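What follows is one structure encoded as structure tokens, with my remarks underneath.
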Amino acid sequence: MHALSIHETTVALLAPGKGILAADESLPTLGRRFEAHGIPSTSESRRSYRELLFATPGLSDWISGVILFDETIHQQNSSGVPFAVALARSGLIPGIKVDKGIVPLSNFEGESITQGLDGLRERLMSYHSMGARFAKWRAVTPIGPALPTEQAMWSNAHSLAQYAALCQEAGLVPIVEPEVLMDGAHSLARCGEVTQKMLGSLFTSLNSHRVRLEHLLLKVNMVISGTDYPGVGDLAEVAHATRECLLRAVPAAVPGILFLSGGQSAESATLRLAAICEVPNLPWTISFSFGRALQESVMTTWKGKAENVRAAQSELLHRAAANGRALHSRIPTTSRPLLDAASPDPAPVPVNSGETNPRPTAVPPSQLGGILLQAGNFGSIHSRAEAHRFQSELLRIHPPEEIERMHQYVRSKLPSGTRWGGTATRELEGEFRRASDQLNDERYRQSGFGDVVKGLLLWVETAEERADENRISRSPDA
């Protein structure tokens, strides 16, 4: 047994203000993402991309460990150093994805089982000798009218428990990931119900297999409504529902919970992570293990070109820092203001300009950019109560002067008295659409820009009403 080294790894992975970079995409998954950005998927292009990520200066300030794919742990950086060794030298703990993907579960339509237990003991020993100190295994649970079934949940829980036991035998910290998928039209409450049930099955199986919970990490979804559900729960609702679910299902002996981002946008995942971290009296260390939410803008910036490496690394560091600070509910604003302060439409900084901190090319160069980055959140504002809650959230994570600049900018586009459906709202919707098209970034196209403008109008009116109320309450005659 390797209890001491496992304990040390567990503690190091949960270092304050740090999370885990999931760079373990399979060949087909990474190939699809490369194809979407016009990048050929070859062994060398994948190696170059992973080296870009791992060699980012300052990454270990916000990231404690990196999950590798089998191909990657066998590769070397440009200096001929194996990636696992290079990561360890830079203060990052190497980990490894050991499942072999998801296949249909026989006789259970729409459900799946994760494969990879055959030969796992030998593979774990080999990965440990190559420098890996933790591992990950993912199972997925869909939500539908008749899904999930008890049998599918227990089958996946049993596989996760077998994997975890073998990991601890080999001296590796197991990350167990029983992800409940966002796809579907289910409510937030339904997501909480299924997540709690899946976690119950998981921890029953872990205990049956005598897995030491003290040397295990749980990677889990946030409790949120499905992608097709009408309406999105606000940050407080997501945080509360997630807290209640985890307190009912996860033993306090588990040292840490890592949240996955799933299909959320990078910004939404960070804001929800920060909201969850504000919940008091949780018995576990809270952290994150994000893949796409850390990498999507990096890949958009890189585009497979060597001259874009520095800008792409700057984008990765920004996203890692945003989530690292979210663990203390302190999301940074210095490198990504709500609005550009310099001018209404500053020129983009060339990638190879020689600046110490070049502007990532994925960031829109206009003042619309700050709003676009918050687009999904503004688009979820449908009432003055929601607008007030969102204003409180902005004030919590952004300096008041930045919010005031955005307020003034919105008012320059939507003057007092503007009504939804008028010329001003249609023109602003068109500006958002044109800016999004120029970015060529799917994150922004997913937002309904009509809903964004509606939300902006509610937000600016509500903020003004609240400011007027505060002025009256502070008046000597009040």
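The values are calculated or read from the model by the stated rules, or taken from the named source; none is laboratory data. Everything quoted here is computed from the prediction, not taken from an experiment. Glycine also receives a Cβ, built like all others from the backbone with ideal geometry; neighbour counts cover every protein chain displayed.
What's the number of the condition Q264 fails, among (1) outside any helix (DSSP H, G or I); (2) buried (at least 21 other Cβ atoms within 10 Å of the Cβ); (3) at pLDDT 95 or above?
Of everything listed in (1) outside any helix (DSSP H, G or I); (2) buried (at least 21 other Cβ atoms within 10 Å of the Cβ); (3) at pLDDT 95 or above, Q264 misses just condition (3).
Determine, yes or no, whether V238 is assigned to a loop (DSSP other than H, G, I, E, B) and touching a helix residue (DSSP H, G or I) at 6+ places or on another chain (Cβ under 9 Å).
Working: assigned to a loop (DSSP other than H, G, I, E, B): no; touching a helix residue (DSSP H, G or I) at 6+ places or on another chain (Cβ under 9 Å): yes.
No; evaluated as a whole, the condition is false for this residue.
Say we look at region 80-95 and pick out the residues that are in contact with a helix residue (DSSP H, G or I) (Cβ under 8 Å, 6 or more places away or on another chain) and assigned to a loop (DSSP other than H, G, I, E, B); which of these is surrounded by the most Cβ atoms within 10 Å (Cβ to Cβ)?
L92
Does region 27-57 hold any residues that are modelled with pLDDT under 95 and among the small types (G, A, S), and which are they?
A36, G38
So if I check each of T72, T42, which one is out of contact with any Leu (no Cβ under 9 Å at 6 or more places or on another chain), crowded, with 18+ Cβ neighbours inside 10 Å and of a type in the set (S, T, N, Q)?
T72
So if I check each of V309, V279, which one is in a loop (DSSP other than H, G, I, E, B), on the phi < 0 side of the Ramachandran plot, surrounded by fewer than 21 Cβ atoms within 10 Å (Cβ to Cβ) and in contact with a helix residue (DSSP H, G or I) (Cβ under 6 Å, 6 or more places away or on another chain)?
V279
List, please: which pairs have Cβ atoms under 9 Å, are six or more places apart or on different chains, and start with a residue in region 199-219 that is more than 16 Å from L258 (Cβ to Cβ) and without any contact (Cβ under 8 Å) to a residue 40 or more places away in the chain and end with one that is in a loop (DSSP other than H, G, I, E, B) and of a type outside the set (A, V, I, L, M)?
Every condition considered, the pairs that remain are N207/P251.
Here is a list: I20, I39, I96. Which entry is of a type in the set (A, V, I, L, M, F, W, C) and touching a Lys or Arg at 6+ places or on another chain (Cβ under 7 Å)? It would help to see each step written out before you state the result.
Values: I20 fails: touching a Lys or Arg at 6+ places or on another chain (Cβ under 7 Å); I96 fails: touching a Lys or Arg at 6+ places or on another chain (Cβ under 7 Å).
Just one listed residue meets the conditions, I39.
Select from region 96-116 the residues that are assigned to a strand (DSSP E or B) and either touching a residue at least 40 places away in the same chain (Cβ under 8 Å) or under 21 Å from the mean Cα position of the chain (by Cα) (or both) and list them in ascending order.
Hits for region 96-116 are I96, K97, S112, I113, T114.
Run down A249, A253 and say which single residue is small (G, A, S) and over 22 Å from T149 (Cβ atoms).
A253
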